[in-house]
Structures are given as C-alpha cells and as structure tokens.
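Structure first, then comments.
The values are calculated or read from the model by the stated rules, or taken from the named source; none is laboratory data. Because the structure is a prediction, the values reported are computed rather than measured. Quick reminder, even Gly has a Cβ in these numbers, built from the backbone with ideal geometry, and neighbours come from all protein chains shown.
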Amino acid sequence: MKNKLILMVIIIALLASSQARPAQAQSPTGQIAFRSDNEIYIINADGSGRTNLTNNSASDWWPTWSGNGHQLAFVSDRDGNWEIYKMNADGSGQTRLTNNSNADNSPNWSLDGQKIVFVSNRDENDEIYSMNADGSQQTRLTNNTVSDTEATWSPQSSFPVSIPALTWILGGIPCLLFILLSLTWFSYKYWSRATADLTTDNELPRAAKIRRASEYRNSIIKSLQQKQTVTLTDQSFLITKLDQLEARLRELNQRLESFEKDPIIQHDLKNLPVTIAHLATQLEGEPDPQFKRELQNTLARCYEQQRLLDSLVALMRRTDLKIDETLASMGTLYTQVQLLKAKDIDNQRLTSEVDEQINILNDLLTTINEMYDSVGH
C-alpha cells in the first residue's frame with residue numbers, strides 16, 4: 001500500500017511540475033531565443049535561420065518570449081547597468097523598461113502579454129517585482145530579508161510565484177484531497193528529520209557569526225581587564241589587534257554575501273553547464289568547418305569560464321569554513337583567559353595568536369580579490 005501511495009504522489013508531482021511555466025526560450029511560433037557571446041540570437045526549431053537580434057558591444061542576456069511570440073524581453077548593461085529591455089521578434093524596437101542604479105534581471109512575461117515579472121535588488125535585496133509590458137507601474141511583490149528570485153507565472157492566471165512547482169493547476173476536489181493526504185503522510189514521516197536539519201542549518205547565520213565574534217572580542221578584553229593582566233599600552237595594542245580580526249571577518253562575510261547575491265554569477269553557475277553540454281552536442285554533428293571552428297572557440301571560452309567559476313565556488317566554501325575556524329579560535333582564546341589565573345596568562349602569546357589569525361584572513365581576502373579580478377568582477 002505504501003509503495004502504491006509513493007508512486008501516485010510521484011506521478012502527481014510530475015504532472016503538476018509540468019504545468020509550471022518557466023521563462024520561455026522557445027516562442028509559440030517555434031523559434032528559439034538564446035544568448036551567445038553576450039548577444040541574443042534566434043534560430044528556427046531545426047537550427048536554421050540563426051540571427052543576431054541585439055548586435056552591440058554590451059552584454060545582452062536572459063531572453064524570454066511574450067505569450068504571442070511577437071516580442072522578447074531581455075536584460076542588458078548597454079546603459080552602464082543591468083536593466084530590462086524589450087524588442088520585437090526581428091530585433092527592432094529595442095526599448096528600455098527599467099531605469100535605476102541597481103540590477104534588474106530575470107524577466108518573465110505573463111501569458112496574456114500584459115505584464116512582466118522580474119527580479120531587482122533596488123531595495124538592497126533581491127525581491128520580486130512586476131510591471132506592465134510598457135515598463136509602467138513597477139510594483140514590489142515580495143519583502144523579505146532573504147533573496148527572492150526565479151519568479152514565473154502560473155499557467156492559467158496572471159499571478160506570479162517564486163517557486164514553479166507551486167503553480168499546480170489540478171482540477172477537482174478528489175485530487176486536491178488526495179494531495180493533502182499524501183503530503184500529510186510525508187510530513188509525518190520526515191518531520192523530525194527536517195526540523196533537525198533546519199535547526200542545524202540556521203543555528204548560526206552569518207550575521208550572528210559576526211555578532212559572536214564581537215562578543216568574543218569584548219569578553220576577552222573585559223576578562224583581561226578584570227584580572228589586571230595587561231598594561232594600558234598592551235591593552236590598547238591587543239584591542240587594536242582584536243578590532244582588526246573582527247574587521248577581517250566582516251569583510252569575508254560581505255564577500256560571501258556578495259557572491260551569493262550576484263545575479264550574473266548565480267545565473268552562470270546554474271546555466272553554464274547546460275550551455276557547455278549543448279555546444280558539445282552541437283559540435284559533434286556540425287558539418288560546416290567554419291561554423292565548427294566558431295563552436296570550438298565558444299566552447300573553449302565556456303570551459304575556461306566554468307573553470308574559474310569552479311575555483312570561485314571552492315574559494316567561497318573555504319572562506320565560509322575559515323570564518324567558522326576563526327570563531328572557534330576566538331572561543332578557545334576566551335575560554336583559556338577565563339580558566340587561567342592572572343599570573344599564568346602570557347600576553348605576548350595571546351597577541352601573537354590573534355595576529356596569526358589576522359594574517360591568515362588577510363591572505364584569504366587577497367586571494368578572493370585576485371580571483372574576482374580574474375573573472376572580471
């Protein structure tokens with residue numbers, strides 16, 4: 001009975017997710033829009049008729065078709081900032097729809113072609129917005145402390161949601177009841193484990209880690225002052241070192257947050273492997289020698305970009321781990337100060353340990369800056 005229930009839930013999930021409408025790369029008329037070398041192209045469904053629609057020195061990304069296939073929305077930095085534009089299917093009538101100092105990206109048309117939903121960090125955080133197809137009435141739809149991205153429209157309405165799998169249109173009361181019963185069964189089975197995982201993942205978010213570092217810094221200084229183990233000169237020097245350590249932790253934390261909120265990097269991490277696989281497949285069956293060389297050059301650039309992205313991801317994982325390691329070192333330092341008697345505390349060794357952590361974080365920040373320079377950010 002349990003196996004049958006699982007099978008039926010999987011089938012329903014597949015049917016429901018197939019109803020979700022992602023940003024369209026293929027028009028209702030059969031043409032396919034895509035990005036190549038920072039330009040937007042269209043081709044016919046059989047690969048013929050390759051046409052550059054944007055053809056300028058700027059970067060043009062994220063093409064998505066209107067419901068009737070007559071227009072495309074896309075993102076461009078041609079005016080010095082990532083903004084949303086639209087154009088006709090032949091590339092004419094390119095019009096800027098958004099205009100602000102922050103990044104707007106990920107446009108998606110409603111089925112009736114009247115509205116466009118998109119992502120913007122104009123309020124210092126990635127949120128979902130909607131606007132009319134002419135760019136008017138830009139309205140913020142979400143308001144959270146975390147990033148909201150990848151908005152799409154439900155199949156039979158003009159209401160955007162952030163998670164495509166939630167746009168289920170399954171008619172009939174029996175079907176809805178079955179879904180509720182199935183979800184209840186799964187929730188009962190996995191609730192304890194999911195709750196434990198959630199507690200672990202969110203136990204100490206990055207902002208709390210920085211607060212913890214500040215608490216360690218203040219507590220170490222207070223404890224040493226109470227035990228009267230440092231002179232005013234030594235105390236001032238140690239405070240400076242601890243301030244430097246906290247400042248480096250804040251810089252690393254900001255770098256991590258910038259990496260996670262960078263729409264271009266996150267888009268490339270998600271889509272570049274798909275692009276590489278598509279180009280590799282296309283290269284295998286390409287009969288035209290000249291176009292084959294162009295494909296090889298494009299694929300080589302994509303592989304290099306993927307290598308740099310992989311290195312950047314590994315570096316950010318190392319950074320996250322180093323923040324935890326530094327916090328542990330500060331906690332150990334505080335515990336030692338608490339447990340030792342005043343005469344047993346070696347102020348010189350204490351300062352040396354803090355200085356060593358500062359040097360390690362400085363080296364890491366230098367590596368991150370060099371890596372960002374190499375990828376052009």
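Computed values, structure above
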quantity: ALA314 being surrounded by fewer than 11 Cβ atoms within 10 Å (Cβ to Cβ) and small (Gly, Ala, Ser); calculated: no
quantity: Only one of SER158, SER162, SER136 that is at pLDDT 85 or above and either surrounded by fewer than 19 Cβ atoms within 10 Å (Cβ to Cβ) or at positive phi (or both); calculated: SER136
quantity: Pair list, Cβ under 6 Å, 6 or more apart: segment 271-289 residue within 15 Å of ASP310 (Cα to Cα), other residue assigned to a helix (DSSP H, G or I) and not polar (S, T, N, Q); calculated: ILE276/CYS302
quantity: Sole residue being at pLDDT 90 or above and not hydroxyl-bearing (Ser, Thr, Tyr), chosen from ALA300, ALA280; calculated: ALA300
quantity: Scan of segment 118-138 for residues that are of a type in the set (A, V, I, L, M) and over 17 Å from GLY69 (Cα atoms), ordered by number; calculated: VAL119, ILE128, MET131
quantity: Matching option when the condition is in contact (Cβ under 8 Å) with a residue 24 or more places away in the chain, in a loop (DSSP other than H, G, I, E, B) and of a type outside the set (Lys, Arg), among GLY80, GLY91; calculated: GLY91
quantity: Residue in segment 218-231 that is modelled with pLDDT of 85 or more and assigned to a helix (DSSP H, G or I) present; calculated: yes
